[in-house]
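The values are calculated or read from the model by the stated rules, or taken from the named source; none is laboratory data. This structure is a prediction, so every number in the text was calculated from the model and none was measured. Here the Cβ is made from the backbone with ideal geometry for all residues, glycine too, and neighbour counts use every protein chain on show. Just the protein is used for accessible areas: all its heavy atoms, side chains included, with ligands, DNA and RNA removed. Shrake-Rupley method; radii C 1.70, N 1.55, O 1.52, S 1.80 Å.
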Amino acid sequence: MPGGDYGGLSTVLRQPGDEDEVRRLYMAAHACPTRSVHPPADHWEPDSDPYPMPLDEAGTVLLCGHASAKTYGAISYLPRRPGSTAMMIDTPRWSPALARRYEERAGKITDVLLTHLDHVAHGRKYADARR
């Protein structure tokens, strides 16, 4: 599923050719802050969302995915703590379903650390959801 430049725009030059490319397409689609990446025929498999995704073998730090255009596509993380809690560093796009998924996979989110003011757009919602 190589991408490229076509007339000054980023584009998918061909559809995914194997399962690994399909997996990577869904990773990109679920991470895209503008929701501009779509699977073939706009068909979203129910179990296609890999996020939050472990960044190390132990699963100590999870990548949230689901970047938001309101935070200019910034990446957010969930470092896990001993005792089944986690901290959210910066914020992914807000939705109650995503907030539940992050807590199910990372543990109760006890703190939200915002590194930039633009994360306030979703930070308050995540903070309120943990109460």
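Can you say whether Gly123 is open to solvent by less than 60 Å² (accessible area, probe 1.4 Å), modelled with pLDDT of 90 or more, in contact with a strand residue (DSSP E or B) (Cβ under 8 Å, 6 or more places away or on another chain) and not hydrophobic (A, V, I, L, M, F, W, C), as far as the supplied structure shows? Working first, answer last.
Values: open to solvent by less than 60 Å² (accessible area, probe 1.4 Å): yes; modelled with pLDDT of 90 or more: no; in contact with a strand residue (DSSP E or B) (Cβ under 8 Å, 6 or more places away or on another chain): yes; not hydrophobic (A, V, I, L, M, F, W, C): yes.
Answer is no for this residue.
Does Ser10 satisfy being open to solvent by 70 Å² or more (accessible area, probe 1.4 Å) and either part of a loop (DSSP other than H, G, I, E, B) or out of contact with any Ser or Thr (no Cβ under 9 Å at 6 or more places or on another chain) (or both)? Step through it out loud before you land on a result.
Values: open to solvent by 70 Å² or more (accessible area, probe 1.4 Å): yes; either part of a loop (DSSP other than H, G, I, E, B) or out of contact with any Ser or Thr (no Cβ under 9 Å at 6 or more places or on another chain) (or both): no.
No: the conditions fail for Ser10.
Taking segment 56-80, which residues are at pLDDT below 90, part of a loop (DSSP other than H, G, I, E, B) and open to solvent by 10 Å² or more (accessible area, probe 1.4 Å)? Can you show your working first?
To start, the set of residues in segment 56-80 that are at pLDDT below 90 comprises 68-74.
After this cut, where a residue has to be part of a loop (DSSP other than H, G, I, E, B) as well, the list is 68, 72-74.
Once the filter is applied, which keeps residues that are at pLDDT below 90, part of a loop (DSSP other than H, G, I, E, B) and open to solvent by 10 Å² or more (accessible area, probe 1.4 Å), segment 56-80 yields Tyr72, Gly73, Ala74.
State all residues of segment 52-70 that are touching a residue at least 24 places away in the same chain (Cβ under 8 Å) and of a type outside the set (A, V, I, L, M); if no residue qualifies, say none.
Result: Pro52, Cys64, Gly65, His66, Ser68, Lys70.
So which residues in segment 81-119 are open to solvent by 40 Å² or more (accessible area, probe 1.4 Å) and within 12 Å of the chain's Cα centre (by Cα), if there are any at all?
Arg93, Trp94, Arg101
Output the qualifying pairs, or none if there are none: Cβ atoms under 9 angstrom, residues six or more apart or on different chains, first residue in segment 12-39 and more than 24 Å from Arg101 (Cα to Cα) and at pLDDT below 90, second residue acidic (Asp, Glu) and open to solvent by less than 80 Å² (accessible area, probe 1.4 Å).
Once the first residue is more than 24 Å from Arg101 (Cα to Cα) and at pLDDT below 90 and sits in segment 12-39, its partners that are acidic (Asp, Glu) and open to solvent by less than 80 Å² (accessible area, probe 1.4 Å) give Gln15/Glu21.
Looking for whichever is more than 14 Å from Met53 (Cα to Cα) and not β-branched (Val, Ile, Thr) here; the options are Pro92, Pro79, Pro96. Which one fits?
Numbers: Pro92 fails: more than 14 Å from Met53 (Cα to Cα); Pro79 fails: more than 14 Å from Met53 (Cα to Cα).
The unique qualifying residue is Pro96.
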